Amino acid sequence: MIALGSLSLTVPYSPFSCPAFCRGRIVRVPKGPLIRVVGTEVAIPCSVSDYDGPSEQNFDWEFSRDTDFMRIVSTWDSTFTSEEYQKRVGRGDIKLRRSSNDAVELVIRNIQPADQGRYKCSTPSTDATVQGNYDAEVQVKVISDGLSVSSSKARSSTSLRLSEGDSFKLRCSATTTSPEHTHLHVTWQVKSSSSWRDILSLTHEGKFQPGPGYEERYRSGHLRRAPGANDTYRLSVSQASSADSGAYRCLVSEWVRGADGSWQKIQEKSVEIATVSIQRTALDVVISTSNVSVTERDSLDLTCNITTDRSGIFQAEVMWYFSASPDDTLSGAQLLLSMDHDSVVSDSTLISLSHVDRNSYRLLVRDVDVEDSGYYFCEAAIWVPLHNGSWHKVVERTSAPVSVVVIALEPDYDVFLNASKTPKFSDDPTELNCRITNVQDTEANIRFTVSWYYRQRLPGDDVVPEELLASMDADWALLPGDRGRERIQNGEIILSKKSADTFSLRIQWTSESDRGDYFCVISAWSRHRNNSWVKSKDVASAPVSIFWATQDYTLTVEAVKLKPFFVAGHTFEMTCKVSSKNIKTPRYSVLITAEKPLTDQSSPNGTTRIISLNQDSVVRLEDWTDQTRVDGVVLEKVQENEFRYRMYQTQISDAGLYRCVVTAWSPGGGGMWREAVNGLSNPIQIDFQTSGPVFNVSVHSDSPTIYQGEVADLLCFVTMPLEPDDMSFDVSWFAVRSFALDREPILLASLDRRGIVTQGRRNGSSELSLERISPLEFRLRVHGCEDHDFGNHYCVVTPWVRSATGVWQREPDIRAKPIFLSVKMDVLNAFKYPLLIGISLATAIGLLSCLIGYCSSRWCCKKEVQETRRERRRLMSMEMD
């Protein structure tokens, strides 16, 4: 037997039937009895869950005093109401209020003792099967109204006018004669605008609960419940402010514990207690003096006057502030001195605060200095005593600022600048002395520093702003400027203090960019009370001009050929003589250059840098690339202004114009050399009197058009009228990957006269071979040609001729006319192997498929059919019966 609400169903026990029958419709109402007060509004909720059918469910309500139920109201049947309830339902005293699709509330206004009884909530079935309970009952008990709420015995409401900071108390009386065991919940509320705000509550569970915004005042004890009789509730408020103004009432609710153990509010009543008006305290704070000017080291005297309309017992608090700006918000202001409401003054050495009379407070600042200039404020506050002996601040005001200007005592002095060392040439030293003279009215608390400035001199009346070289702070720390920072860090500019009244600036190596006007600025610093230094005065000197006349540097270079006639294989020798003017102690660097004919491929621009010698006599090979003659060129210094160049075992390829490029250097700063001027000598020509043999080079190929993968043969022929016994050749093959010769040539391979082959870098898979097949024939083979091997191909031949003395002479390079190599694709060979492979794979797959089908039909899919044995008997003739 399983009981679900008021419906009992008997089902056979089975371990598999429980999940199907454990769920069903459930109708719920509150657990009774529900205790309500006569005359109040009652709302009885009813909900349904675990149902089938539409989401919105209907509800029927019935009432019974004894045994029979009377129909009250229904959500779906307008004729459901009994005649006894039709008038109350029609007036709206009884109605249904739907809270969701599966929940409603039965609302009864002004409930009476006759409404006490049992209320049943029913839901019509929308389920496919009958499961669960379809109705639920709750008992409602109506009790008499025994709650009484009142203000005071004298009158129902009072009006209080208080000053800011005062305290007040309000009283509320609440009793109940309910036959049930009920608790009272008392809440004090205030209405300042249009809504009531909770101040303090004594809950039905006996707990104190401050309202929103009153938590801090409750914790500090400024808001509390004062002691009183059992039925009297007192509210005590201290430190009243303007926000406490408004109407106050006492809100009392009666609570009862339900059958489920929860507390339920059954009724609520309120009564207005008083109207409280809080008047603001007027306070005016004024400094008796307006703008003040005080001389440095004198005293500053200010008086603050306060007036208020406050009567009774109160104390004033005064604070003096100093600020650099007239902002009365005192943001960033400095507190000088303060006197609290107990007349205790904060400690200070040079500042004092005294109470002249009841409303006047005097500030005295002794021995003022320039940093005391600014704005002074007086801030006052009124404090009143509380019931517990503590003090409360009711109002605070700040005066208008008073401007105080402290006139500094400036020292009197002059500044004189002179040059103790002036440059005559570039890189000479410069020294300037800045001296303080005629010093008057100075004290021991005065300190002098210097700042050095430079101004460029321009022709005419053009004005150029000065540039800071360096300066000093109050602690004599050096502060380099943008113009002199790097040179000061490198030690090229030295700043020093020679004596108490003399500062020095020294430029170790003066350059032409240093020419211009220089002046110094002497700054006087005064020490204040806090031992800080403040600049009080600046005095600038007259400018001093640093200038010297300059002349243009001149450099003359003459080249002389020592041997007017020589042949190939002999030594070439020439000298370079140098002369200069207006250069201080010069040194020279020499570079030998050669201008080759335009047919020389080693120097496309026609000029080759051969060998150089710098100003420190260090020799360096520049663009000399002949590895066989590394020691074949020599450059040496004969005298301070004379240099000699030798080239041993000259060759035909050395023909050209030779020059000396000379650079004059003068000593610079820090032991460095500075480039002064460059010079170029007259050309010396090397022209061999004997002419060599005439060579001709050509390129040939039997098959200039080939297919991919084949071998391309390219032949380079050399023709000459002499026998090749004393001849040798360097051969290089080049390719231009275009139909026209508009791209850079690519080196394929080279073969030198010793038979060493060198190949260029390649990206393809084809291979190259280069060989000499006869003394005058050279063959280049491209194995496995690809499409990127096409293009114009040519060879470059460098002849070498052995002279009668046995020296090999290099002749100019000879370039052959290019031949175009075309690479085509062999379509038949390209598709032959893919077709053979495809046919072979298709044949193999077909044979394999046939074999698999035969095996499957032969062994895997065979079935034995067993035939039913039949007896063969002949039918008997009818005549034999």
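The values are calculated or read from the model by the stated rules, or taken from the named source; none is laboratory data. Bear in mind the structure is a predicted one, so any value in this text is a computation, not a measurement. A quick note on method: Cβ atoms are made from the backbone with ideal geometry, for glycine too, and the neighbour counts reach across all protein chains shown. Just the protein is used for accessible areas: all its heavy atoms, side chains included, with ligands, DNA and RNA removed. Shrake-Rupley method; radii C 1.70, N 1.55, O 1.52, S 1.80 Å.
Miscellaneous remarks
- Qualifying residue in region 254-277 (condition: closer than 25 Å to ASP357 by Cβ and among the aliphatic types (A, V, I, L, M)): no
- GLY784 passes every criterion in (1) open to solvent by 40 Å² or more (accessible area, probe 1.4 Å); (2) touching a residue at least 24 places away in the same chain (Cβ under 8 Å) apart from (1).
- Entry remark, region 624-656: residues being in a loop (DSSP other than H, G, I, E, B) and open to solvent by 50 Å² or more (accessible area, probe 1.4 Å) number 7 in total.
- Residues that are open to solvent by 30 Å² or more (accessible area, probe 1.4 Å), assigned to a strand (DSSP E or B) and among the polar types (S, T, N, Q), drawn from region 174-211: THR175, THR176, GLN209
- You will find that of ARG674, ARG659, the residue that is of a type in the set (Lys, Arg), in contact (Cβ under 8 Å) with a residue 60 or more places away in the chain and either in contact with a Cys (Cβ under 8 Å, 6 or more places away or on another chain) or crowded, with 16+ Cβ neighbours inside 10 Å (or both) is ARG659 and no other.
- The residues of region 86-130 that are among the acidic types (Asp, Glu) and more than 60 Å from the chain's Cα centre (by Cα), listed by number, are ASP93, ASP115, ASP127.
- Meets criteria (in contact with a helix residue (DSSP H, G or I) (Cβ under 8 Å, 6 or more places away or on another chain), more than 25 Å from ILE111 (Cβ to Cβ) and either open to solvent by less than 30 Å² (accessible area, probe 1.4 Å) or modelled with pLDDT under 85 (or both)) for LEU4: no
- Of all residues in region 572-596, those that are in contact (Cβ under 8 Å) with a residue 24 or more places away in the chain and part of a strand (DSSP E or B) have Cβ atoms under 7 Å from Cβ atoms of residues that are surrounded by 19 or more Cβ atoms within 10 Å (Cβ to Cβ) and of a type in the set (D, E, K, R), 6 or more apart or on another chain, in THR593/ARG659.
- Qualifying residue in region 153-168 (condition: surrounded by 12 or more Cβ atoms within 10 Å (Cβ to Cβ), more than 56 Å from the chain's Cα centre (by Cα) and modelled with pLDDT of 90 or more): no
- So SER426, is it hydroxyl-bearing (Ser, Thr, Tyr) and in contact with a helix residue (DSSP H, G or I) (Cβ under 9 Å, 6 or more places away or on another chain): yes
- Verdict on ARG674 being at pLDDT below 85, farther than 30 Å from GLY791 by Cβ, of a type in the set (D, E, K, R) and not in a loop (DSSP other than H, G, I, E, B): yes
- Filtering region 415-438 to residues that are open to solvent by less than 70 Å² (accessible area, probe 1.4 Å) and either modelled with pLDDT of 90 or more or not in a loop (DSSP other than H, G, I, E, B) (or both) leaves VAL415, LEU417, ASN418, ALA419, SER420, THR430, GLU431, LEU432, ASN433, CYS434, ILE436, THR437.
- Region 491-538, residues that are over 47 Å from the mean Cα position of the chain (by Cα) and aliphatic (A, V, I, L, M): ALA500
- Pair list, Cβ < 6 Å and 6+ apart or interchain, from region 800-825 residues that are charged (D, E, K, R) to residues that are open to solvent by 50 Å² or more (accessible area, probe 1.4 Å) and assigned to a strand (DSSP E or B): ARG802/TRP808; LYS824/TYR707
- Hits in region 394-412 (condition: in a strand (DSSP E or B), farther than 20 Å from ASP301 by Cβ and not β-branched (Val, Ile, Thr)): GLU396, ARG397, ASP412
- Filter result (touching a strand residue (DSSP E or B) at 6+ places or on another chain (Cβ under 8 Å) and either open to solvent by less than 40 Å² (accessible area, probe 1.4 Å) or not in a strand (DSSP E or B) (or both)) within region 516-534: GLY516, ASP517, TYR518, PHE519, CYS520, VAL521, ILE522, SER523, ALA524, TRP525, SER526, HIS528
- Listing of strands (runs of 3 or more DSSP E) fully contained in region 58-120 that carry 1 or more residues being surrounded by 12 or more Cβ atoms within 10 Å (Cβ to Cβ) and among the hydroxyl-bearing types (Ser, Thr, Tyr): 60-64, 70-74, 94-100
- Tally, over region 470-515, of residues that are outside any loop (DSSP other than H, G, I, E, B) and either open to solvent by less than 10 Å² (accessible area, probe 1.4 Å) or within 30 Å of SER666 (Cβ to Cβ) (or both): 19
- Pairs linking a residue in region 48-69 that is under 17 Å from LYS120 (Cα atoms) to a residue that is assigned to a loop (DSSP other than H, G, I, E, B) and of a type in the set (Lys, Arg), with Cβ atoms under 7 Å and 6 or more positions apart or on different chains, do not occur.
- Qualifying residue in region 246-260 (condition: of a type in the set (Asp, Glu) and either open to solvent by less than 10 Å² (accessible area, probe 1.4 Å) or without any contact (Cβ under 8 Å) to a residue 12 or more places away in the chain (or both)): yes
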